[in-house]
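The values are calculated or read from the model by the stated rules, or taken from the named source; none is laboratory data. Keep in mind it's a predicted model, so treat the numbers as computed, not measured. In this analysis, Cβ positions are derived from the backbone assuming ideal geometry, glycine residues included, and neighbour counts consider all displayed protein chains.
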Amino acid sequence: MTAGTGRTAGWRELLGAGNLSVVVLVCLGPWLHAADALMITTMMPAIVAEIGGARLVAWNFALYEVGSIVAGAAGGLVALRAGLRAPMAASALVFALGCAAAVAAPSMPVLLAGRVAQGAGGGGLIALSYVAVGRLFPGPLMPRAMAALSLTWGASAFIGPLAGGFFVTWADWRAGFAFFALQAAALALWIWFGLRSVPEPEREPGARLPWRRLGLLAVAILAVAFAGIVTSAGWMAASLALGLGALALFARFDGRAGADRLWPRGAFDPRGGAGAAILRVLALNVATMGVATYGPILLERIHATPPLVSGYLVALVSIAWTASAVLVAGADERHDPKIIAIGIAVVAASVALSIHAVPVGPVWLVGLAMLMEGAGYGMAWTFILRRGGRLVPGEDGERFAAALPTVGRLGYALGASFVGILANRAGFAEAAGAAEAQHVARVIFAGSLPVALLACLAMARFVTARP
């Protein structure tokens with residue numbers, strides 16, 4: 001692998017001899033995780049029609065997120081204890097077993113058990129993939145490898161739902177899960193044999209998996225997910241309080257831990273580089289959940305936008321993210337702070353634009369906001385790992401790398417609950433006409449803007465921090 005030299009390597013060097021197979025291997029983990037998460041959205045009607053469980057539909061997504069976030073949180077620590085090869089192969093195998101359980105599921109509870117395993121395997125794979133990028137593609141190659149991961153996410157945004165529709169139309173939903181089970185099993189074998197020659201750094205002895213802290217994190221995600229799907233204001237407030245309380249306890253205990261800490265030192269202190277980066281990712285993902293959660297239904301009620309058009313508007317985020325990540329990947333590392341700052345500012349501006357675009361229109365203006373969101377995030381995300389790696393102590397580099405996608409998923413879970421509360425407070429359930437839906441849209445995006453500005457403040461601290 002190429003060592004850091006202060007320059008940024010080209011695509012030919014990244015995809016050259018000795019690197020291509022490892023790039024593909026690292027990208028397959030995010031592909032499985034993202035495509036499977038999106039595939040089930042188009043298969044769910046067929047699943048419910050066959051095995052029932054309509055009341056438990058939301059838990060297919062909530063439990064997937066629980067498994068993903070908890071496994072992702074442990075990813076950095078596991079890599080320090082056991083290296084990359086065995087944990088990545090085990091994660092792929094757990095994912096395959098979860099898909100196999102879904103294939104054989106006679107009822108919704110069995111399918112949910114499979115979804116937990118899929119989330120755990122996928123979350124482990126994606127966290128360890130980010131660790132692998134930091135370990136296997138240092139210095140000049142890192143932005144290109146990060147852009148390759150972004151390209152994988154963008155492809156998954158399109159292929160995942162299409163795959164679900166294909167299997168429902170031409171086969172059945174069980175064949176869809178079988179398709180991903182076979183891929184995951186093949187990936188486990190490839191990782192086990194393909195990473196044999198990759199040298200492993202010195203491992204950190206004595207660190208055990210902190211099951212109590214992982215349990216607190218699981219409780220936090222479950223409670224937050226529950227808050228986002230209940231309609232009772234009392235239950236919503238109680239569940240959200242429980243979730244945030246468990247998350248605060250997790251942060252307190254992990255911040256005081258020693259060798260078994262899950263996240264880097266200072267991860268919960270926004271005054272430092274690591275804490276500012278984590279707060280930035282968390283706040284930005286919370287702030288941008290408005291369109292992903294309520295965009296299509298609001299556009300239909302306000303502008304009579306067809307579902308297909310709404311779906312492509314939301315997909316513009318992934319397209320722009322991928323394109324901008326690829327375009328800026330060749331920038332020299334001295335420009336990292338400037339590119340990150342511009343990217344986050346553009347995302348915050350997209351939230352501000354949505355306050356007008358979604359309720360008033362025209363629809364193309366919503367598309368512009370989605371392009372801005374994706375382009376800004378793609379710019380910033382490409383270099384956050386490289387800059388963050390210089391700001392955290394050497395022993396915490398892998399913890400930081402594994403924390404990034406985990407914090408991102410946590411932000412999505414918190415954001416879905418947050419905008420759900422805003423929507424319910426604005427009367428979403430009773431919003432039958434366009435005028436009421438416009439009011440809901442204004443409340444959602446105006447309420448999200450302060451969180452986006454918080455992300456900008458964290459970004460300012462991150463780009464000005466010193467090692």
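Would you please name the residue that is nearest to Thr382 (Cα to Cα), looking only at residues in region 258-282 that are among the small types (Gly, Ala, Ser) and buried (at least 16 other Cβ atoms within 10 Å of the Cβ)?
Initially, region 258-282 is screened for residues among the small types (Gly, Ala, Ser), giving 258-259, 266-267, 272-277.
Add one more test, that the residue is buried (at least 16 other Cβ atoms within 10 Å of the Cβ), and what stays is 266-267, 272-277.
On the way: Gly266: 22, Ala267: 20, Gly272: 20, Gly273: 17, Ala274: 16, Gly275: 18, Ala276: 17, Ala277: 13 Å.
By that ranking, first place goes to Ala277.
Looking only at region 162-184, which residues are of a type in the set (Phe, Trp, Tyr) and surrounded by 15 or more Cβ atoms within 10 Å (Cβ to Cβ)? Break it down stepwise before answering.
First pass over region 162-184, keeping only residues of a type in the set (Phe, Trp, Tyr): 166-167, 170, 173, 177, 179-180.
Within region 162-184, Phe166, Phe167, Trp173, Phe177, Phe179, Phe180 qualify.
For region 383-390, check the following and say yes or no: at least one residue is over 18 Å from Ala147 (Cα atoms), modelled with pLDDT under 80 and either in a helix (DSSP H, G or I) or in the same structural domain as Ala147 (by TED's automatic domain parsing) (or both).
Yes, because at least one residue in region 383-390 is over 18 Å from Ala147 (Cα atoms), modelled with pLDDT under 80 and either in a helix (DSSP H, G or I) or in the same structural domain as Ala147 (by TED's automatic domain parsing) (or both).
Considering each of Leu112, Leu80, Leu63 in turn, give the residue that is under 15 Å from Leu217 (Cβ atoms) and not polar (S, T, N, Q).
On the way: Leu112 fails: under 15 Å from Leu217 (Cβ atoms); Leu80 fails: under 15 Å from Leu217 (Cβ atoms).
Result of the check over Leu112, Leu80, Leu63: Leu63.
So that you can scan it fast, the table gives a plain yes or no per residue for (1) modelled with pLDDT of 80 or more; (2) at negative phi; (3) surrounded by fewer than 22 Cβ atoms within 10 Å (Cβ to Cβ); (4) within 23 Å of the chain's Cα centre (by Cα):
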{"residue": "Ile40", "(1), (2), (3), (4)": "no, yes, no, yes"}
{"residue": "Met44", "(1), (2), (3), (4)": "no, yes, yes, yes"}
{"residue": "Gly53", "(1), (2), (3), (4)": "no, no, yes, no"}
{"residue": "Tyr64", "(1), (2), (3), (4)": "yes, yes, no, yes"}
{"residue": "Ser68", "(1), (2), (3), (4)": "yes, yes, no, yes"}
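Could you list, in sequence order, all residues of region 72-98 that are hydrophobic (A, V, I, L, M, F, W, C), out of contact with any Asp or Glu (no Cβ under 6 Å at 6 or more places or on another chain) and at pLDDT below 85? Show your work before the answer.
First, the residues of region 72-98 that are hydrophobic (A, V, I, L, M, F, W, C): 73-74, 77-80, 82, 84, 86, 88-90, 92-97.
From what's left, out of contact with any Asp or Glu (no Cβ under 6 Å at 6 or more places or on another chain): 73-74, 77-78, 82, 84, 86, 88-90, 92-97.
Within region 72-98, Ala73, Ala74, Leu77, Val78, Ala82, Leu84 meet the criteria.
I'd like the full set of residues that are farther than 20 Å from Val133 by Cβ and within 20 Å of the chain's Cα centre (by Cα), limited to region 70-95. Lay out the reasoning, then the answer.
Within region 70-95, the first condition is being farther than 20 Å from Val133 by Cβ, and the residues that meet it are 70, 93-94.
Within region 70-95, Val70, Val94 qualify.
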